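> Structure provided below as structure tokens; questions to follow.
Read-outs: derived from the displayed coordinates by stated rules, not from any lab. Everything numeric in this text was worked out from a predicted model, so none of it was measured. Using ideal geometry, Cβ is built from the backbone for each residue, glycine included, and neighbour counts are taken over all protein chains shown.
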């Protein structure tokens, strides 16, 4: 579980949350929560992939 808390996951989670919430036009609370959850899930997936690639290459 240590890979979930690394810098790749943190960085990409923040980026995806910002991107997903910036694209909302007149969001409702449910849209806003969905954008945050979607951003976190996307950040975790991309961060884990980059973490594994980084560990393989080093």
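> Looking at (1) more than 9 Å from the chain's Cα centre (by Cα); (2) part of a helix (DSSP H, G or I); (3) loosely packed, with under 14 Cβ neighbours inside 10 Å, which is the only condition residue 50 fails?
For residue 50, the failing item is (3).
> If I ask for residues that are exposed (fewer than 15 other Cβ atoms within 10 Å of the Cβ) and either touching a strand residue (DSSP E or B) at 6+ places or on another chain (Cβ under 8 Å) or closer than 15 Å to residue 6 by Cβ (or both), which ones from region 26-47 would you list?
Result: 45, single match.
> Give 23, 6 a once-over and let me know the one that is surrounded by 13 or more Cβ atoms within 10 Å (Cβ to Cβ) and out of contact with any strand residue (DSSP E or B) (no Cβ under 8 Å at 6 or more places or on another chain).
6
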